[in-house]
Amino acid sequence: QKKILYFAGAFGTKLNEHDAAFCGLIPKNFEKNVIHAGNAALVGAFLMAIDDSYVLKAKKIAALAQSINLADLSGFQEIFINSLNFPN
């Protein structure tokens with residue numbers, strides 16, 4: 001089964017998957033498997049409010065979702081800060 005990484009919200013909408021993989025924000029093998037979901041929370045809340053079948057779908061997705069705390073990854077913060085490109 002193909003693993004997909006969803007980028008959502010303001011951060012995810014503007015995040016470039018190639019740049020995210022380059023700086024180590026996401027694994028390189030996910031670069032081609034990114035979906036920009038936009039304002040997923042608002043759309044999901046709306047769909048669940050108008051159709052009960054979306055509640056079941058949301059529960060199935062939640063059971064499959066995996067949360068990764070980047071702060072727990074050894075070396076991530078240093079790599080991320082060193083990869084930022086601030087103008088001089």
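The values are calculated or read from the model by the stated rules, or taken from the named source; none is laboratory data. Because the structure is a prediction, the values reported are computed rather than measured. Methodologically, a virtual Cβ is constructed for each residue, glycine included, from the backbone with ideal geometry; neighbour enumeration extends over all protein chains shown. Surface areas here come from the heavy atoms of the whole protein model, side chains and all, with no ligands, DNA or RNA. Shrake-Rupley method; radii C 1.70, N 1.55, O 1.52, S 1.80 Å.
With the requirement that a residue be assigned to a helix (DSSP H, G or I), within 20 Å of PHE76 (Cβ to Cβ) and hydrophobic (A, V, I, L, M, F, W, C), what does the stretch 1-31 give you?
PHE11, ALA20, ALA21, PHE22, PHE30
Only residues in the stretch 29-56 that are closer than 21 Å to LYS3 by Cα and open to solvent by less than 60 Å² (accessible area, probe 1.4 Å) count as the first member; pair them with residues that are hydroxyl-bearing (Ser, Thr, Tyr) and part of a helix (DSSP H, G or I), Cβ under 8 angstrom, at least 6 apart or cross-chain, and list the lot.
So the pair list comes out as GLY38/THR13; GLY44/TYR54.
Would you pick out the residues in the stretch 32-52 that are part of a helix (DSSP H, G or I) and out of contact with any Leu (no Cβ under 9 Å at 6 or more places or on another chain)? Before you say what the answer is, go through the steps one by one.
Taking the stretch 32-52 first, the residues part of a helix (DSSP H, G or I) are 32-33, 40-50.
If the condition is that a residue be part of a helix (DSSP H, G or I) and out of contact with any Leu (no Cβ under 9 Å at 6 or more places or on another chain), then LYS32, ALA40, ALA41, LEU42, VAL43, GLY44, ALA45, PHE46, LEU47, MET48, ALA49, ILE50 are the ones that fit.
Which of the residues belonging to the stretch 1-15 are open to solvent by less than 70 Å² (accessible area, probe 1.4 Å) and touching a helix residue (DSSP H, G or I) at 6+ places or on another chain (Cβ under 9 Å)?
LEU5, PHE7, ALA8, GLY9, GLY12
In the stretch 57-88, which residues are in a helix (DSSP H, G or I), open to solvent by less than 100 Å² (accessible area, probe 1.4 Å) and without any contact (Cβ under 8 Å) to a residue 12 or more places away in the chain?
Taking the stretch 57-88 first, the residues in a helix (DSSP H, G or I) are 57-64, 70-72, 76-83.
This time we only want the ones that are open to solvent by less than 100 Å² (accessible area, probe 1.4 Å), so: 58, 62-63, 70-71, 76, 79-81, 83.
Across the stretch 57-88, the qualifying residues are ALA62, ALA63, ALA71, ILE81.
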